[in-house]
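Written out below as structure tokens is the structure these notes cover.
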Amino acid sequence: SDLVQCLDKKELKHTPVLLKNVLGYFEERDLKVWLDCTLGAGGHTSAIIQQHPVRHSVSQWIEKMAAGLECVIGVDVDEVAIDHAQRNLHPILSKKRSLKAHFLKETSGVVSASVVIVDLFGSGISQT
């Protein structure tokens, strides 16, 4: 398909919608688990990882009080989008080794999250 050829050539461009608004809203909040239900190319997730400190392992007695992002979960029904997002996020995630990352096709099994972001204005499904 054309989309797969674009991905192979790394030509696919994506601009996250309302990125400044999302970052501004979550700027002063302590995020533990970020759940992006419309992962797409990973733009919002990438920006959140870069904006928020990642929690490092600390001793058990202060672990509950330690601030920082522990886990990001990206969900998209499009496997090509998940693959592309993983490639986009790999350089950032490799620098933040204590941050757990999971990429899924559906939200079943997700127990809780500090934040859930979804595309409220569309289906969240890419159309080609």
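Any read-out appearing in this document is the output of simple, stated calculations on the displayed coordinates, not a laboratory observation. Note that the structure is predicted; figures quoted are calculated from it, not measured. FYI the Cβ positions are ideal-geometry reconstructions off the backbone, even for glycines, and counts take in every protein chain you see.
Listed values, structure above:
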| read-out | value |
| --- | --- |
| J(HN,Hα) series, region 24-41, from Karplus relation 6.51 cos²θ - 1.76 cosθ + 1.60, nearest Hz, glycine and proline x | x, 5, 9, 4, 9, 9, 8, 9, 9, 10, 9, 10, 9, 7, 10, 4, x, 8 |
| Under 5 Å, built H, 5+ apart or other chain: amide partners of V54 | L69 |
| Under 5 Å, built H, 5+ apart or other chain: amide partners of V115 | V33, L35 |
| Protection-proxy order for peptides 76-89, 31-44, 102-115, each taking the mean of Cβ atoms within 10 Å per residue, highest first | 31-44, 76-89, 102-115 |
| Phi to ³J(HN,Hα) by Karplus 6.51 cos²θ - 1.76 cosθ + 1.60 over region 90-98, Hz, x for Gly, Pro | 3, x, 6, 5, 5, 7, 10, 5, 7 |
| In Hz, Karplus ³J(HN,Hα) per residue of region 44-55 (6.51, -1.76, 1.60; θ = phi - 60°; x = Gly, Pro) | 5, 4, 4, 5, 5, 4, 6, 7, 9, x, 8, 6 |
